[in-house]
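Engineer: I have a structure here, written as C-alpha cells, and I will follow up with some questions on it.
Coordinate-derived values only; no laboratory data. Here the structure is a predicted model, which means the values were calculated and not measured. A quick note on method: Cβ atoms are made from the backbone with ideal geometry, for glycine too, and the neighbour counts reach across all protein chains shown.
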C-alpha cells in the first residue's frame, strides 16, 4: 500500500449527487473521515455540496478551488465527466501518494489517466446497486466490482469490507458487458414492471392498484429464483407448452403499445434458457 494510506484514509468526494451522497454518508458511518465534498460551479451542485459537507463536518469546494488534502479522491460524477473532472483536478495538488477511484460500472480505471500520469494509483469501484431520488439504500451486502492498479484495488477491498459489503475483481475488457448485466438487474426490470402496469390498465386496473396486486407474485418469484434457481422458479404457459394461451396473449397484447414485442422477446429468452414444452410450436408463433 502507498505509504500515505492509513487504516482510515481521509476521503474527498467529487460529485454530491445520489451516489456520492450515499457513499459519503456510509463511509462516514464506517469511520472514514470525509475531508471535502467537491462540486461543479453550478449553483445547484454547490448547494448540494454545502448541505452534504455540513452533515459530515467536511469542507465544501468546487473543481476550480479544491483543497485536495485527502488521501483518497473518489469521483462520483457521470461517466462522460470522469476524465474531464480528473483533468481539471490534475494540476491542483501532488498526486504521487494519493489514490483515486471512480464509480462507473461501464468504464475502466483508465478514465483517470490524467491522475495516474501524475503518480496516483487509480481504480474503478462500482457498487451493483440502484440510486434514485427519495431512496437511500444501505450498502451492506452490496457487491462492488473492482478494477485498476494494485494499491488502489487493495484499498478498495478494505473500504468495501468496512462497509459490510463484498467485492470482486473484473477485467477491464468486461466492464461494458458487466454494466449491461446491471442494466438488466434494475432499469430494464423497471421497464418490464411499467409494461406490466400498462397491461394491467388494459385489464381495467389503476396503476397504483396494479402495483399492489403485482407485488406478492413478484416477491415470491424473486424468493423462488434465489432459492431454486431460474428453472425452479419458472412457471406459466411456456413451461406447460400451452400454445393456445400464448396465441391468445399475443392477440390481446396488441391493445397495449409495445407490450407484444416485449412479451415475444422475453418468451424467446425462455425458449433459449428455460425448460419449455412444445418448443417447436412455440418457436413458430413467437417470431420477432
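Engineer: With a point put 7 Å past each Cα toward its Cβ, work out how far residue 51 is from residue 154 in nm, to one decimal.
Structural biologist: Between residue 51 and residue 154, the label points sit 3.9 nm apart.
Engineer: Beyond 14 Å, what share of the Cα-Cα pairs of segment 101-183 remains, rounded to the nearest whole percent?
Structural biologist: Result for the distance tail: 61 percent.
Engineer: 222 nm [θ] for the chain, helices only, -39500 (n - 2.57) per DSSP H run of 4+, per residue, to 500?
Structural biologist: Helix contribution divided over all residues of the chain: -15000 deg cm²/dmol.
Engineer: Here is a follow-up. May I ask what percent, to the nearest 5, of DSSP beta bridges between residues of segment 119-201 are antiparallel?
Structural biologist: 55
Engineer: Which percentage, to the nearest 5, of the DSSP beta bridges contained in the chain is antiparallel?
Structural biologist: 15
Engineer: Take the alpha-carbon centre of segment 255-286, take the same for segment 130-201, and report the distance between them in whole Å.
Structural biologist: First find each Cα centre; the distance between them is then 28 Å.
Engineer: Please give the helix 259-273 orientation as an angle from the longest Cα principal axis of the chain, in degrees from 0 to 90, rounded to the nearest 10.
Structural biologist: Result, in degrees: 90.
Engineer: Order these by the 10 Å Cβ neighbour count, fewest first: 28, 167, 103, 84.
Structural biologist: Ranking 28, 167, 103, 84 by Cβ neighbours within 10 Å, fewest first, gives 84, 28, 167, 103.
Engineer: Need one number: nm distance between label points at residue 87 and residue 284, each 7 Å from Cα along Cα→Cβ, rounded to one decimal.
Structural biologist: In this crude spin-label approximation the distance works out to 5.9 nm.
Engineer: Say a paramagnetic label sat at a point 7 Å from the Cα of residue 218, along Cα to Cβ; which residues of segment 114-133 have their backbone N under 17 Å from it?
Structural biologist: Taking a point 7 Å out along Cα→Cβ of residue 218, the residues of segment 114-133 whose backbone N falls under 17 Å are 130-133.
Engineer: For segment 85-99, list residues with backbone N below 18 Å from a point placed 7 Å from the Cα of residue 113 toward its Cβ?
Structural biologist: 85-91
Engineer: Sticking with the crude label model, points 7 Å out along Cα→Cβ, report the distance from residue 268 to residue 106 in nm, one decimal please.
Structural biologist: 2.3
Engineer: Arrange the following residues from fewest to most other Cβ atoms within 10 Å of their Cβ: 225, 273, 32.
Structural biologist: 273, 225, 32
Engineer: For the chain, state the average projected area of the convex hull of the C-alpha atoms over all orientations, rounded to one decimal in nm².
Structural biologist: Result: a mean projected hull area of 17.5 nm².
Engineer: Obtain the radius of gyration and the Kirkwood radius of segment 11-175 from its C-alpha atoms and give Rg over Rh.
Structural biologist: Radius of gyration relative to Kirkwood radius: 0.92.
Engineer: Rank-order 127-133, 281-287 by packing density, defined as the average count of other C-beta atoms within 10 Å over each peptide's residues, highest first.
Structural biologist: Output ranking for 127-133, 281-287: 127-133, 281-287.
Engineer: For each of 188, 107, count neighbouring Cβ atoms within 10 Å of the residue's Cβ, then give the residues from fewest to most.
Structural biologist: Sorted ascending by nearby Cβ count, the order is 188, 107.
Engineer: Between residue 257 and residue 94, 0.36 nm times their residue separation minus their Cα-Cα distance comes to what?
Structural biologist: Between residue 257 and residue 94, full extension yields 53.1 nm more.
Engineer: Could you order peptides 211-217, 87-93 by the average number of other Cβ atoms within 10 Å of their residues, highest first?
Structural biologist: Packing proxy ranking, top to bottom: 87-93, 211-217.
Engineer: Taking the convex hull of the Cα atoms, report for segment 186-285 its projected area averaged over all directions, in nm².
Structural biologist: So the mean shadow area of the Cα hull is 6.5 nm².
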